[in-house]
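Notes follow the structure.
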Amino acid sequence: MHVLELLLQAGYRPTTYRNVAPPPFMLRGNAVLATFDRFDFHPASLDQRLVFLARGGTWSRAEHHRWPDAFKAATRTLLLAGSAAGEQPVAEAAAVGSKRRRRRVRATGDGPTVRGGRLMVLPAGALLRVLQLAAAPMSAWL
(Lines give C-alpha, C1' and ligand atoms only; values in the text may rest on other atoms or scores of the structure.)
Protein backbone atom coordinates (compact mmCIF):
# COMPACT_ATOMS: atom_id res chain seq x y z
CA MET A 1 0.00 0.00 0.00
CA HIS A 2 2.86 2.37 0.78
CA VAL A 3 4.27 1.95 -2.76
CA LEU A 4 0.85 2.67 -4.26
CA GLU A 5 0.54 5.85 -2.19
CA LEU A 6 3.99 6.99 -3.30
CA LEU A 7 3.10 6.40 -6.96
CA LEU A 8 -0.17 8.32 -6.60
CA GLN A 9 1.64 11.15 -4.83
CA ALA A 10 4.12 11.32 -7.72
CA GLY A 11 1.21 11.73 -10.16
CA TYR A 12 0.92 8.22 -11.55
CA ARG A 13 -2.63 7.00 -12.18
CA PRO A 14 -3.90 3.62 -13.40
CA THR A 15 -4.70 3.63 -17.09
CA THR A 16 -8.31 3.35 -18.19
CA TYR A 17 -8.65 2.42 -21.86
CA ARG A 18 -11.43 3.72 -24.10
CA ASN A 19 -12.77 2.18 -27.32
CA VAL A 20 -10.51 -0.87 -27.31
CA ALA A 21 -10.93 -4.48 -28.35
CA PRO A 22 -11.52 -6.69 -25.30
CA PRO A 23 -8.66 -8.88 -24.07
CA PRO A 24 -9.02 -12.61 -24.82
CA PHE A 25 -9.81 -13.60 -21.22
CA MET A 26 -13.11 -11.70 -21.39
CA LEU A 27 -14.50 -14.03 -24.08
CA ARG A 28 -16.55 -11.23 -25.64
CA GLY A 29 -15.49 -11.55 -29.23
CA ASN A 30 -14.31 -8.48 -31.13
CA ALA A 31 -16.94 -6.04 -29.91
CA VAL A 32 -15.28 -2.75 -28.97
CA LEU A 33 -15.41 -1.82 -25.30
CA ALA A 34 -16.32 1.79 -24.59
CA THR A 35 -14.31 1.70 -21.34
CA PHE A 36 -11.88 -0.91 -20.04
CA ASP A 37 -10.63 -0.47 -16.49
CA ARG A 38 -8.17 -3.13 -15.31
CA PHE A 39 -9.49 -2.91 -11.77
CA ASP A 40 -12.82 -4.29 -12.94
CA PHE A 41 -11.05 -7.62 -13.44
CA HIS A 42 -8.81 -7.94 -10.39
CA PRO A 43 -8.50 -11.09 -8.31
CA ALA A 44 -10.93 -11.33 -5.40
CA SER A 45 -7.97 -11.73 -3.04
CA LEU A 46 -6.77 -8.17 -3.81
CA ASP A 47 -7.34 -5.79 -0.90
CA GLN A 48 -10.30 -3.58 -1.83
CA ARG A 49 -8.62 -0.64 -0.10
CA LEU A 50 -5.86 -0.77 -2.73
CA VAL A 51 -8.40 -0.53 -5.53
CA PHE A 52 -10.18 2.31 -3.72
CA LEU A 53 -6.94 4.29 -3.32
CA ALA A 54 -5.75 3.57 -6.86
CA ARG A 55 -8.99 5.01 -8.20
CA GLY A 56 -8.33 8.22 -6.27
CA GLY A 57 -10.52 7.57 -3.24
CA THR A 58 -10.22 9.77 -0.16
CA TRP A 59 -11.77 9.64 3.29
CA SER A 60 -15.37 10.75 3.70
CA ARG A 61 -18.15 9.76 6.06
CA ALA A 62 -19.55 7.46 3.36
CA GLU A 63 -16.17 5.73 2.87
CA HIS A 64 -15.21 5.57 6.57
CA HIS A 65 -15.79 1.79 6.63
CA ARG A 66 -12.78 1.24 4.31
CA TRP A 67 -10.25 2.70 6.76
CA PRO A 68 -8.24 0.59 9.22
CA ASP A 69 -9.51 0.06 12.76
CA ALA A 70 -6.79 2.32 14.20
CA PHE A 71 -8.15 5.31 12.24
CA LYS A 72 -11.72 4.47 13.19
CA ALA A 73 -10.69 4.44 16.86
CA ALA A 74 -8.88 7.78 16.52
CA THR A 75 -11.91 9.31 14.81
CA ARG A 76 -14.23 8.00 17.50
CA THR A 77 -11.93 9.39 20.22
CA LEU A 78 -11.81 12.83 18.59
CA LEU A 79 -15.58 13.02 18.20
CA LEU A 80 -16.22 11.75 21.73
CA ALA A 81 -13.71 14.22 23.17
CA GLY A 82 -15.52 17.01 21.41
CA SER A 83 -18.92 15.94 22.67
CA ALA A 84 -17.83 15.11 26.24
CA ALA A 85 -20.07 16.36 29.01
CA GLY A 86 -19.04 19.51 30.77
CA GLU A 87 -18.85 23.12 29.81
CA GLN A 88 -15.88 25.25 28.87
CA PRO A 89 -15.66 28.96 28.07
CA VAL A 90 -16.07 30.00 24.48
CA ALA A 91 -12.85 31.61 23.22
CA GLU A 92 -14.68 34.25 21.23
CA ALA A 93 -16.70 35.33 24.27
CA ALA A 94 -13.53 36.41 26.06
CA ALA A 95 -12.73 38.89 23.29
CA VAL A 96 -15.94 40.91 23.79
CA GLY A 97 -16.20 43.75 26.28
CA SER A 98 -13.81 46.00 28.13
CA LYS A 99 -10.17 45.21 28.79
CA ARG A 100 -10.93 44.67 32.50
CA ARG A 101 -13.80 42.27 31.65
CA ARG A 102 -11.59 40.30 29.22
CA ARG A 103 -8.97 39.84 31.95
CA ARG A 104 -11.64 38.71 34.44
CA VAL A 105 -13.16 36.26 31.95
CA ARG A 106 -9.75 34.76 31.22
CA ALA A 107 -8.88 34.48 34.89
CA THR A 108 -12.18 33.15 36.25
CA GLY A 109 -13.75 31.45 33.27
CA ASP A 110 -16.96 33.49 33.75
CA GLY A 111 -19.01 34.20 30.70
CA PRO A 112 -20.72 32.18 27.96
CA THR A 113 -19.94 28.50 27.79
CA VAL A 114 -20.44 25.73 25.26
CA ARG A 115 -21.07 22.06 25.91
CA GLY A 116 -18.36 19.78 24.58
CA GLY A 117 -15.57 22.29 24.77
CA ARG A 118 -13.96 24.36 22.08
CA LEU A 119 -13.70 21.52 19.57
CA MET A 120 -17.44 21.61 18.93
CA VAL A 121 -17.29 25.34 18.18
CA LEU A 122 -15.77 24.36 14.83
CA PRO A 123 -18.21 24.08 11.94
CA ALA A 124 -19.01 20.46 11.07
CA GLY A 125 -17.36 20.86 7.66
CA ALA A 126 -14.10 21.99 9.24
CA LEU A 127 -14.01 19.03 11.61
CA LEU A 128 -14.65 16.62 8.72
CA ARG A 129 -11.84 18.28 6.74
CA VAL A 130 -9.49 17.75 9.70
CA LEU A 131 -10.42 14.06 9.71
CA GLN A 132 -9.93 13.82 5.94
CA LEU A 133 -6.44 15.29 6.23
CA ALA A 134 -5.60 12.99 9.15
CA ALA A 135 -6.74 9.92 7.18
CA ALA A 136 -4.00 10.24 4.53
CA PRO A 137 -1.91 8.30 3.98
CA MET A 138 -3.91 5.20 4.79
CA SER A 139 -0.73 3.14 5.24
CA ALA A 140 0.10 5.17 8.35
CA TRP A 141 -2.95 3.68 10.04
CA LEU A 142 -2.17 0.03 9.29
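Out of curiosity, is residue 112 modelled with pLDDT of 80 or more and either in contact with a Gly (Cβ under 9 Å, 6 or more places away or on another chain) or not polar (S, T, N, Q) (or both)? So residue 112 does not fit the description; no. Residue count for the range 15-42, restricted to those that are touching a Phe, Trp or Tyr at 6+ places or on another chain (Cβ under 9 Å) and basic (Lys, Arg): 2.
Within the range 33-69, the residues that satisfy the criterion of being among the acidic types (Asp, Glu) and either assigned by TED's automatic domain parsing to the domain that holds residue 10 or over 24 Å from residue 10 (Cβ atoms) (or both) are 37, 40, 47, 69. In the set (1) modelled with pLDDT of 85 or more; (2) in a loop (DSSP other than H, G, I, E, B), the condition left unmet by residue 74 is number (2).
Residue count for the range 12-71 satisfying the condition of being of a type in the set (A, V, I, L, M, F, W, C), closer than 23 Å to residue 137 by Cα and at pLDDT below 80: 2.
Count of the range 17-46 residues, restricted to those that are in a loop (DSSP other than H, G, I, E, B) and surrounded by 10 or more Cβ atoms within 10 Å (Cβ to Cβ), is 7.
The values are calculated or read from the model by the stated rules, or taken from the named source; none is laboratory data. Being a predicted model, the structure only gives us computed values, none of them experimental. Glycine gets a Cβ as well: all are built from the backbone with ideal geometry, and neighbour counts include every protein chain shown.
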